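Inspection log for the structure reproduced underneath, given as C-alpha cells.
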Amino acid sequence: MNVQIVTAMIFLPVLAGCEGSSADDTAPMKTVTYYTQHLDEAKAVASRCKLMVDQKLRTLDTGDFQEWQISNEGVNCQTARSVTEAALVRELVLKQSRPVVPVSTPKTSPPPSSAAPAMRYRSDNHKLNVGETLAPV
C-alpha cells in the first residue's frame, strides 16, 4: 500500500476533527455555584443570552442550534438564565415572607360609664314598635 495514502488516512480525520472546534468551545464552562457567587455576571450573561438565542434560532438550522446549546457558550447561557431566575424567585419569596409590621395606633380607652346612654325601661303596657330595639343607642 502506498505510504502517502496511509499517512493521509491517519491525518485527515485528525485535521477534520480540529476544524469543528470554535471560539465558543474554548470559553470555560461555568457552574451554577460560580454564577451564584457572581450574580452580577450571571445577570449580564442572561440578558445577552435572550438576544443570542433569538439570533442563533434565526441563523442556524435545527441541528446546528442543538449543537450550540450543548457548547460551553450555550450551557453557560442556560446556566446564567437559571441562576438569575432562581435569584429573582428567592427575592420575591423573601419579600413576601417578611412579617408586616403594623403601624402603631394610639390606644383608646373605653368611654366612661357615664357617657353610655342609659337604658330606658318600658312599662308592661307599652308594645314594641318595629323601629324600637332593646339595644342601647
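Within region 40-52, the set of residues being aliphatic (A, V, I, L, M) and surrounded by 14 or more Cβ atoms within 10 Å (Cβ to Cβ) comprises ALA42, VAL45, ALA46, MET52.
Within region 35-51, residues that are farther than 17 Å from VAL75 by Cβ reach partners that are surrounded by 17 or more Cβ atoms within 10 Å (Cβ to Cβ) with beta carbons closer than 6 Å, at six or more positions or on different chains, in the pairs LYS43/THR84. For region 30-44, the criterion of being modelled with pLDDT of 50 or more, among the small types (Gly, Ala, Ser), within 21 Å of ARG81 (Cβ to Cβ) and part of a helix (DSSP H, G or I) is satisfied by at least one residue.
Inspect all residues belonging to region 75-97 and state whether any of them is at pLDDT below 85, over 30 Å from THR26 (Cα atoms), of a type outside the set (A, V, I, L, M) and loosely packed, with under 14 Cβ neighbours inside 10 Å. Checking region 75-97: at least one residue is at pLDDT below 85, over 30 Å from THR26 (Cα atoms), of a type outside the set (A, V, I, L, M) and loosely packed, with under 14 Cβ neighbours inside 10 Å.
The values are calculated or read from the model by the stated rules, or taken from the named source; none is laboratory data. Please read these numbers as outputs of a predicted model, since none were measured by experiment. Every residue, glycine as well, gets a Cβ built from its backbone with ideal geometry; the counts of neighbours run over all protein chains shown.
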